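To start, the structure itself, in structure tokens.
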Amino acid sequence: MVSLTLTNLRFMKKKGMMLLVFIGMISCKNEIKKTTETSSSIIDSTQVRKHLYTLASDEMEGRRAGTAGIEKAAQYIEKKFKKIGLVPYDTLSNYRQTFTFKNRRTQEDITSSNIIGVLEGKSKKEEIVIISAHYDHLGIRAKEGVLDSIYNGANDDASGVTGILALAEYFKKVGNERTLVFAAFTAEEMGLVGSRHFGKGIEASKFVAGINLEMIGKTPSFGPNTAWLTGFERSDFGKIIQKNLVGTGYQLYPDPYKKFNLFFRSDNASLARLGVPSHTFSTSPIDTDKDYHQVSDEAETLDIAVITQTIQAVAVGTKSIISGEDTPTRVVLEERKNN
Ligand SMILES: [Zn+2]
């Protein structure tokens, strides 16, 4: 039998440690591989194309809040929520959180609904993660000499709504420890009206994170398999996502368009103002996007692979937040003077 000198012992201990680390790395790699495979098997481009082309079709008449067009979109989302098996939110009897507000610009009184469905959590059901997008857009605006008057809003934000429908189906299949609230907000284009209304009725401390999807249909300036996040420096939410994406080939960057103050220009802001670490994922090259808020924002201009990969990356990237392993720091806010 080998006489075990102290040095041998130390050597063997070191070897043992290295082996453990190695095994750890392998299992972690396998874990990422498994999650990525699962997300790409459940979140597929056929389903993505169907949702996108339906929500961005002329039939939806540009989904302006308070119109027949948005009502058709609301019914489509409700039908999908039901099929996936989501339950109504809080004390609501169905998926609609309906309210009336005055449009600041036109002074009209508009009645509209947020469409909200819930996947109750298992071990951490008191803790809520909200996954949102806005399902309204600009509607129909006839312009002299312009044939096409429908603002289809394919990228803005039918692509995001497509994302929440696909993520609801994904998490229904893989399970969730924390409760997931899927919210299709109305009247975002009229001043974040739907998400502000939602925010008024919540206990913000219960909301551990907000994942908002906005314009995920175009290849970003960073290149394929990338997205950017607003308010990256305002909580460690972004860093947690980056950590979970290591080894997947997909990368998340901080929002590169600081001058546009985008953190305050989408529905994440309504929850962030309450301290919730709520951020927007986007892929769009904001400063060069010629279709932004134009009638040309049609489904055909978007890349289905980009949308599908981004949704899969959100599924994998948020895994440790939805499982309860990671809890992002609360958002600290200071309003910028120039917005
Ligand atoms: Zn939008």
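The values are calculated or read from the model by the stated rules, or taken from the named source; none is laboratory data. Since this is a predicted model, take the numbers as computed values, not measurements. So basically every Cβ, Gly included, is an ideal-geometry build from the backbone, and we count neighbours across all protein chains shown. Ligands, DNA and RNA are stripped out before the accessible areas are found, and what is left, the full protein with its side chains, is counted by its heavy atoms. Shrake-Rupley method; radii C 1.70, N 1.55, O 1.52, S 1.80 Å.
Here is how the numbers come out for the structure above:
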{"quantity": "Exposure rank, largest accessible area first [T100, T36; 1.4 Å]", "calculated": "T100, T36"}
{"quantity": "Whole-number percent relative contact order across the chain, with pairs defined as alpha carbons under 8 Å at least 6 apart", "calculated": "21"}
{"quantity": "The chain - mean residue ellipticity at 222 nm from DSSP helices (-39,500 (n - 2.57) per run, n ≥ 4, rounded to 500)", "calculated": "-11500 deg cm²/dmol"}
{"quantity": "Residue-span extension gain [D90 to K239] - 0.36 nm each, minus C-alpha spacing", "calculated": "50.6 nm"}
{"quantity": "Two-site label geometry, K82 and L20: point separation in nm, points 7 Å out along Cα→Cβ", "calculated": "5.5"}
{"quantity": "Accessible surface of the range 214-279, 1.4 Å probe, proportion on carbon and sulfur as whole %", "calculated": "58"}
{"quantity": "Fraction of antiparallel bridges per DSSP, the chain only, in percent to nearest 5", "calculated": "45"}
{"quantity": "Net lengthening on full extension, T7/K50 (0.36 nm per residue, minus Cα-Cα)", "calculated": "9.0 nm"}
{"quantity": "Length-normalised contact order of the range 1-159 in % [C-alpha pairs under 8 Å, at least 6 apart]", "calculated": "24"}
{"quantity": "The range 142-260: relative contact order as a whole-number percent, Cα under 8 Å and 6+ apart", "calculated": "24"}
{"quantity": "Net charge dipole size for the range 260-331 [Lys, Arg +1 and Asp, Glu -1 on Cβ; Debye, nearest 20]", "calculated": "460"}
{"quantity": "Rounded to the nearest 20 debye, dipole of the chain from Cβ charges on Lys, Arg, Asp, Glu", "calculated": "1480"}
{"quantity": "Scattering curve values for the range 21-178, log₁₀ I(q)/I(0), Debye with Cα scatterers, q = 0.09, 0.15, 0.18, 0.19 Å⁻¹", "calculated": "-0.39, -0.89, -1.14, -1.23"}
{"quantity": "GNM flexibility winner over the chain from G231, G153, G247 (Cα, springs under 10 Å)", "calculated": "G247"}
{"quantity": "Cα-based Rg of the range 102-145 normalised by 2.2 N^0.38 Å, two decimals", "calculated": "1.93"}
{"quantity": "The range 114-212: antiparallel DSSP beta bridges as a percent of all, rounded to 5", "calculated": "35"}
{"quantity": "Of K218/K243; K50/K143; K50/K79; K80/K125; K258/K319; K122/K172, those spanning more than 18 Å from alpha-carbon to alpha-carbon", "calculated": "K218/K243; K50/K143; K80/K125; K258/K319"}
{"quantity": "GNM result for the chain, Cα springs below 10 Å: residue of T308, T329, T283 fluctuating most strongly", "calculated": "T329"}
{"quantity": "Shape box of the range 194-298 [Cα atoms, principal axes, largest first, Å]", "calculated": "39, 38, 24"}
{"quantity": "For the chain, alpha-carbon Rg over 2.2 N^0.38 Å", "calculated": "1.09"}
{"quantity": "Estimated inter-spin distance, S221 and V332, nm [label 7 Å along Cα→Cβ]", "calculated": "2.8"}
{"quantity": "Sequence of R234, R105 when ordered by accessible area, the most exposed leading, probe 1.4 angstrom", "calculated": "R105, R234"}
{"quantity": "Which of T111, L20, F264, positive extreme of dipole for the chain (C-beta unit charges)", "calculated": "L20"}
{"quantity": "Charge dipole of the chain about the Cα centre (unit charges at C-beta), most positive-ward option of H293, L229, V316", "calculated": "V316"}
{"quantity": "Residue order for M17, M60 - accessible surface, 1.4 angstrom probe, largest first", "calculated": "M17, M60"}
{"quantity": "Cβ-Cβ FRET estimate between S123 and V246, R0 fixed at 30 Å, reported to 0.05", "calculated": "0.75"}
{"quantity": "Gain on full stretching of the segment that runs from T100 to D303 - 0.36 nm per residue minus C-alpha separation", "calculated": "69.5 nm"}
